[in-house]
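The values are calculated or read from the model by the stated rules, or taken from the named source; none is laboratory data. All of these numbers come straight from a predicted model, not from anything done at the bench. We place every Cβ from the backbone using ideal geometry, glycine too, and count neighbours over all the protein chains shown. Surface accessibility is based on the protein's heavy atoms, side chains included, excluding ligands, DNA and RNA. Shrake-Rupley method; radii C 1.70, N 1.55, O 1.52, S 1.80 Å.
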Amino acid sequence: MTTAPPHIEIDGDPAADPALLATLMSGYGHFTAMQVRDGRVKGLDLHLARLDGATRELFGQELPGRRVRALIAGALKTSGQRDASVRVYVYEGPRIAVTVAPPAPDGPGAPRRLTTVEYWRPAAHIKHLGGFGQSYHLEAARRAGYDEALLTSPYGEIAEGAITNIGFWDGSSLVWPSAPCLDGIAMLLLRSRLESVSRPVTLADLPGYRAAFTTNSRGISPVTAIDDVTFAVDEELMGRVYSAYDSVEWDAL
């Protein structure tokens, strides 16, 4: 005996597929976000591995990369866009949703000012849905005049931004915080091309760093302030970071 799907309406109109909509509204799932240029993606294998790994962990099933690639390619074709911001959402089933939006601007991102909040994402290694906490702190940071929220433990250990990873430069080493965080695709691509270390970074350590920058699927940006600690934009460092990312080949879908 099967259970009938719930009755769902949107703005007074019945949903076309209540069973599917109920799945999407559950908030239990994961996703990846990528920039597509001429039908190609940087770090495609990393995106596919992320989706497969999280699907196995959350739903106990594999997610073949060929299926994901076909769905992305199909969505791009239907939308008529070869350059785009693409997200792939995975729900129980697994059910897959692909969104296609205008691409993010290419090139270096604008300098960013961050403010710290005591919050770590649960299951931080998964790019999961239902991230109310990080969205709440991000919007609060923006209302206060900052560009991003930087997530820390109650003891001041830095993990990641609300929607970014963060790297620090002490004058000799590129440092990624070792606290639990999402291994962002841009960060992974940089770590494979730039000599770096992973170690604890605390708020008390910030004055000892000469520069910082954030990374995510929409770009790489220098950080000019974290609360009241300011950083100069290290042009030499940022040049190396941008060059390393630019050297990553684009993978065909």
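Laid out as a table, the results:
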| quantity | calculated |
| --- | --- |
| Among (1) over 19 Å from GLY109 (Cβ atoms); (2) open to solvent by 20 Å² or more (accessible area, probe 1.4 Å) - the single one ARG142 does not satisfy | (1) |
| Region 52-105: number of residues that are farther than 20 Å from GLY130 by Cα and in contact (Cβ under 8 Å) with a residue 60 or more places away in the chain | 8 |
| Qualifying positions in region 233-252 - of a type in the set (A, V, I, L, M), open to solvent by 50 Å² or more (accessible area, probe 1.4 Å) and either within 30 Å of GLY39 (Cα to Cα) or modelled with pLDDT under 95 (or both) | none |
| Any hit, region 176-188, residues being touching a Phe, Trp or Tyr at 6+ places or on another chain (Cβ under 8 Å), part of a loop (DSSP other than H, G, I, E, B) and acidic (Asp, Glu) | no |
| Residues of region 206-225 that turn out to be over 20 Å from the mean Cα position of the chain (by Cα) and open to solvent by less than 60 Å² (accessible area, probe 1.4 Å), as a count | 6 |
| Selected residue (only one of ALA33, ALA4, ALA49 is among the small types (Gly, Ala, Ser), modelled with pLDDT of 95 or more and open to solvent by 50 Å² or more (accessible area, probe 1.4 Å)) | ALA49 |
| Test: GLU148 is open to solvent by 20 Å² or more (accessible area, probe 1.4 Å) and either among the charged types (D, E, K, R) or modelled with pLDDT under 95 (or both) | no |
| Tally of residues being closer than 21 Å to ASP205 by Cβ and either aromatic (Phe, Trp, Tyr) or not in a loop (DSSP other than H, G, I, E, B) (or both) across region 142-169 | 17 |
| Among (1) under 22 Å from the mean Cα position of the chain (by Cα); (2) surrounded by fewer than 18 Cβ atoms within 10 Å (Cβ to Cβ) - the single one LEU76 does not satisfy | (2) |
| Which numbered condition THR23 fails, given (1) open to solvent by 50 Å² or more (accessible area, probe 1.4 Å); (2) at pLDDT below 95 | (1) |
| Lone unmet requirement of (1) in a loop (DSSP other than H, G, I, E, B); (2) closer than 25 Å to ARG50 by Cα; (3) free of Cβ contacts under 8 Å to residues at least 24 places away in the same chain for SER172 | (2) |
